[in-house]
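Notes follow once the structure below has been shown.
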Amino acid sequence: MGDGLGISPGERTRVYEQTLAAEYLRWMRAWIDAHPEAGFAAKRVTGTEDAPGGVFAGPRDAVVTDCFGLGYGERVTDALFDEIEGVFEAQDSIPEVECTPYSDGSLLWQLERRGYGVRNYLQIFWRDLGSAPEERVEGVEVRRVDKSDPTDVALAVRTIAAGMESTDGQPSEPGRVMAEQVVSCVENATFLAFVDGEVTGGSSAGVWERHPMSGPHANLYGGSTLPSARGKGVQRALMLERLRWAYAEGARTVSLDCKPMIASERNARRLGFELACTKGVFVKDPELGGRG
């Protein structure tokens with residue numbers, strides 16, 4: 001099934017969730033080892049290292065605080081959910097857990113009985129990658145970030161964080177940390193886009209080769225454009241470049257997630273991505289109706 005043909009939406013969702021969790025574990029563990037004082041945790045709580053479910057927790061203002069990849073091939077028991085909440089509690093994080101329509105029903109039951117509320121929804125998109133796209137966006141130059149160059153890494157971190165926070169100025173410290181956690185990983189690829197020689201946006205991608213249900217599978221994440229450069233094709237150019245990189249790395253399937261009705265969804269659909277499912281992001285937060 002490595003070419004993605006014949007894979008059902010449920011199977012696509014499982015590959016997406018577990019390969020993304022594996023990639024998160026890879027770059028979060030490396031970042032935590034380099035910053036043990038920062039108060040972050042990354043732990044596999046279910047599945048295998050090849051196809052895991054993971055929990056990622058940080059301080060209350062942290063951007064990367066999440067748990068996903070649950071409910072595939074096993075029930076979400078009281079003991080498992082207690083373990084997940086324990087990781088969040090140890091880092092003083094508000095628990096956040098994602099649940100897809102294809103997760104085992106025990107996950108939704110745990111979320112309901114423990115007082116979680118839906119904060120927002122994410123759409124998972126998938127496409128097969130039979131060839132590297134040839135299209136180039138006129139007026140937008142894209143190049144890969146040199147991870148061995150601290151100046152280049154710092155530029156990527158600042159640009160991606162600022163774009164995500166919709167500012168052309170300096171991003172917040174939590175935003176900067178989030179971007180650094182992704183960009184600093186040498187095993188994924190990060191790209192910057194330029195218009196008229198000025199940096200305008202950035203994004204990352206990773207390929208996971210070990211999931212038992214797929215061949216090498218690529219995930220696209222961390223994409224953003226500076227507000228002053230929106231509407232110029234920057235995100236489309238970054239998506240195309242990441243697809244070319246993923247194909248060169250051996251990936252023949254690729255996925256991403258985004259909130260509904262934003263530019264990322266429009267660009268994904270125009271480049272041949274199809275909706276696999278919509279999932280809920282559940283938070284144990286009194287302001288959202290939780291009993292936490």
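The values are calculated or read from the model by the stated rules, or taken from the named source; none is laboratory data. All values derive from a computational prediction rather than experimental measurement. Ideal geometry is used to build each Cβ from the backbone, glycine not excepted, and the neighbour counts take in all protein chains shown. SASA here: full protein model, heavy atoms, side chains in, ligands and nucleic acids out. Shrake-Rupley method; radii C 1.70, N 1.55, O 1.52, S 1.80 Å.
Remarks
- Per residue value of the accessible surface for the stretch 162-292 (all protein chains in place, 1.4 Å probe), Å²: 41 Å²
- Site pair Val186 and Glu138 shows an inter-label distance of 4.1 nm when each label is modelled 7 Å from Cα along Cα→Cβ.
- A simple spin-label model places the labels of Asp128 and Asp146 4.0 nm from each other, with each point 7 Å out along Cα-to-Cβ.
- Net +/- balance of residues flanking Gln170 in space, Cβ distance below 10 Å, scoring K and R +1, D and E -1: -1
- Ser166 versus Val118: modelled label distance in nm, points set 7 Å from Cα along the beta carbon direction: 2.2 nm
- Screening the chain for DSSP H helices whose Cα atoms reach 24 Å or more along their own axis and whose mean Kyte hydropathy is at least 1.0 gives nothing.
- Here the chain is scanned for GluC sites (Glu not before Pro) in DSSP loops (not H, G, I, E, B) that have at most 16 other Cβ atoms within 10 Å, and the longest stretch holding none of them is 75-133.
- For Phe282, distant residues with modelled amide H under 5 Å away: Val97, Glu98, Cys99, Arg119
- Surface composition of the chain: carbon and sulfur make up 48 percent of the accessible area, probe 1.4 Å.
- Normalising the Debye intensity of the stretch 50-102 to I(0), with uniform scatterers on Cα atoms only, and taking log10 at q = 0.14, 0.16 Å⁻¹ returns -0.35, -0.46.
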